[in-house]
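For reference, the structure discussed in these notes is given below.
The values are calculated or read from the model by the stated rules, or taken from the named source; none is laboratory data. On a predicted model such as this, the values are computed, not experimentally measured, just so you know. Cβ atoms come from the backbone with ideal geometry, glycine included; neighbour counts cover every protein chain shown. To get the accessible areas, we keep the full protein, side chains included, count just its heavy atoms, and leave off ligands, DNA and RNA. Shrake-Rupley method; radii C 1.70, N 1.55, O 1.52, S 1.80 Å.
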Amino acid sequence: MVAKLKRRELESPPLFAEKFRPQLHFSSPRNWLNDPNGLVWNDGVFHLFYQYNPTGNEWGNMHWGHATSKNLVDWDLRPIALHAEPLELGYMFSGCAVIDHKNSSGLGEAGESPMVAVYTSCDVAGIQAQSVAYSMDNGETWAQHEGNPVISNPGIRDFRDPKVLWHEATQKWVLTLAADDHVEVYRSQNLIDWEHVLRFAKPFGSYQGVWECPDLYPMQSPDGETKWVLVVSVSTEHSKRDESIQYFIGDFDGEDFTPQHNEEMWLDHGADNYGAVSWNNVPARDGRRIMIGWMSSWRYAKDMPTYPWRGNMSIPREIRMVHGEHGYALASLPVREVEELRIDSLAIELAPADSKAVRSLFAELPLELLDFDLSFRWPDGETCSFGLRFTNANGEEVAIAVYTGARTLIVDRTTVGQKIPNPKFAQRFEAPLRELQGNLNLRVIKDRASVEVFGDDGRAVVSANLFYDEPFEAVTTFGDNDVLVEGNVSILRSIWQDK
Ligand code: FRU
């Protein structure tokens, strides 16, 4: 029998060849996707589960989709992991997965280590509670724990997104979840019975909107101490702020989290990175803390002009703790595996030729999938500006500009995406820079419909989708007189090319 295709589908280009289809980022072939869920490494494989609507291109009917990767860039699509139907528990909202090495939950057979998902079940009346599911075959098939939910709703409308980690010092599982405008912390011996230990709330942080998707983990500081990081997404749906991933650095003893700064700190200054969390169980010999986020914003996600899919993940990023202006800070850069996508590289070294120092980069190369690894230099103490600009014949442009005097990195997409039926998309993002000493490196990952900009070794990050009318035809560097730029520009291959 021939499947009945919608008229629009008959007219669509082949899957993964669409105008705005990400070629470097994971997206589902069809349908809506939002937050990354259940990020866990097991037996050499990175698992990426995600909020997924198998029946439509808009949010709703939430299931957990599943993809796996050995290198964090090439993904294999797996069967849907957590099904909402039958609607006994309701819809499957965001959550996490751990490997229960000692079978503390008793959900595995003797001697086996189940993969355990702790997630939010949202019933048809909209009541959110935390539930447990487990898999004995590496996330391919799942069973629900019979005693669900394991944390009932205490009367709070927004009560969701559990993230669990093993807390070595107290030998307990620790769970953070977002409740309205704060984070609740629980602990457990067995992933099933949870004891409430802490409410992390005002006056800490920004309250521009509901808090979602917390993530708590230890990290090595640049001075060699263990510090704790609490990351939380803060909805920008009804606020003026663009940044949405807030973090705190402090101490955590299994019961109390004490941040060591009063300032608000943000991981990304663009609008298109939300619900970002990190992989659990990455082996110590790897040692990285790797995060991935949903590359969109609740402000306009439903208006993203893509079909038959909507939503994609960010480039996976390695997080490092660095010295910042208010004590420690976090920096993030694309994981090194992105370099495996490089098929050709061009070394550049440009000195200003005229007063504007404008040079065109490789006119003959396609400008779709690019990785810029550039270093800008100028006489220390001088103020100057410089950057990169993508342009097309329609007058649309994306400018990435650094102003050393104002100490800001700007990504301007105001002329791109004018046709999106949502005025909130045309934006100019601004990431603060620390005091610079005559040099700054800029890493830019440019996909078909996005840029991710990492300035100053990942201390100033901006993620932005781009929905242009015409593809970009030129990329130019610009800068004041004394600015020099050198580095590499690489052409990347599509992650779907062999699929
Ligand atoms: C964040 C979020 C989560 C929720 C999920 C539902 O983007 O709103 O809080 O669990 O999406 O899809």
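Within region 278-311, the set of residues being under 19 Å from residue 48 (Cα atoms) and either over 12 Å from the mean Cα position of the chain (by Cα) or open to solvent by 10 Å² or more (accessible area, probe 1.4 Å) (or both) comprises 280, 281, 282, 283, 286, 287, 288, 289, 309, 310.
Pairs meeting the criteria (first residue in region 333-360 and closer than 19 Å to residue 291 by Cα and open to solvent by 70 Å² or more (accessible area, probe 1.4 Å), second residue modelled with pLDDT under 95 and part of a strand (DSSP E or B), beta carbons under 9 Å, at least 6 apart or on different chains) are 339/490. When residue 486 is tested against (1) within 15 Å of residue 269 (Cα to Cα); (2) part of a strand (DSSP E or B); (3) open to solvent by 10 Å² or more (accessible area, probe 1.4 Å); (4) not β-branched (Val, Ile, Thr), just one condition goes unmet, and that condition is (1).
Close contacts from region 221-246, counting a first residue that is closer than 22 Å to residue 199 by Cβ and a second that is within 14 Å of the ligand (Cβ to nearest atom) and acidic (Asp, Glu), with Cβ to Cβ under 7 Å and a gap of 6+ residues or different chains, come to 231/215; 233/212; 235/212. Scanning region 75-131 for residues that are away from the ligand (no atom under 16 Å from the Cβ), in contact with a strand residue (DSSP E or B) (Cβ under 6 Å, 6 or more places away or on another chain) and not hydroxyl-bearing (Ser, Thr, Tyr) yields 75, 76, 77, 78, 98, 99, 100, 107, 114, 115, 116. Restricted to region 361-378, and to residues there that are open to solvent by 70 Å² or more (accessible area, probe 1.4 Å) and not acidic (Asp, Glu), the residue that is modelled with the lowest pLDDT is 363.
Annotation: of all residues in region 442-472 being open to solvent by 50 Å² or more (accessible area, probe 1.4 Å) and touching a strand residue (DSSP E or B) at 6+ places or on another chain (Cβ under 7 Å), the one that is nearest to residue 330 (Cα to Cα) is 459. Residues in region 297-333 that are hydroxyl-bearing (Ser, Thr, Tyr) and within 23 Å of residue 71 (Cα to Cα): 314, 332. Among the residues that make up region 35-42, is at least one of them within 20 Å of the chain's Cα centre (by Cα), open to solvent by 30 Å² or more (accessible area, probe 1.4 Å) and over 21 Å from residue 145 (Cα atoms)? Looking for residues that are within 20 Å of the chain's Cα centre (by Cα), open to solvent by 30 Å² or more (accessible area, probe 1.4 Å) and over 21 Å from residue 145 (Cα atoms), one finds at least one in region 35-42, hence yes. Of everything in region 146-165 that is of a type outside the set (D, E, K, R) and in a strand (DSSP E or B), the residue that is surrounded by the fewest Cβ atoms within 10 Å (Cβ to Cβ) is 165. The single condition from (1) under 30 Å from residue 13 (Cα atoms); (2) more than 21 Å from the chain's Cα centre (by Cα); (3) of a type in the set (S, T, N, Q) that residue 262 fails is (1). Every condition in (1) without any contact (Cβ under 8 Å) to a residue 24 or more places away in the chain; (2) touching an Asp or Glu at 6+ places or on another chain (Cβ under 7 Å) holds for residue 212 except the one numbered (1). If you check 169, 271 for being of a type outside the set (Asp, Glu), over 30 Å from residue 464 (Cα atoms) and either in contact with an Asp or Glu (Cβ under 8 Å, 6 or more places away or on another chain) or at pLDDT 95 or above (or both), only one passes: 169. If you check residue 183 against the conditions, is it within 16 Å of residue 256 (Cβ to Cβ), within 13 Å of the ligand (Cβ to nearest atom) and under 25 Å from the mean Cα position of the chain (by Cα)? Yes; evaluated as a whole, the condition is true for this residue.
So is residue 237 within 16 Å of the ligand (Cβ to nearest atom) and open to solvent by less than 40 Å² (accessible area, probe 1.4 Å) or not? Taking the combined requirement at face value, the residue does not satisfy it.
Can we say residue 199 is basic (Lys, Arg), in a strand (DSSP E or B), without any contact (Cβ under 8 Å) to a residue 40 or more places away in the chain and away from the ligand (no atom under 14 Å from the Cβ)?
yes
Is it the case that region 54-72 has a residue that's more than 15 Å from the ligand (Cβ to nearest atom), open to solvent by 40 Å² or more (accessible area, probe 1.4 Å) and part of a loop (DSSP other than H, G, I, E, B)? Yes; the residues of region 54-72 include at least one that is more than 15 Å from the ligand (Cβ to nearest atom), open to solvent by 40 Å² or more (accessible area, probe 1.4 Å) and part of a loop (DSSP other than H, G, I, E, B).
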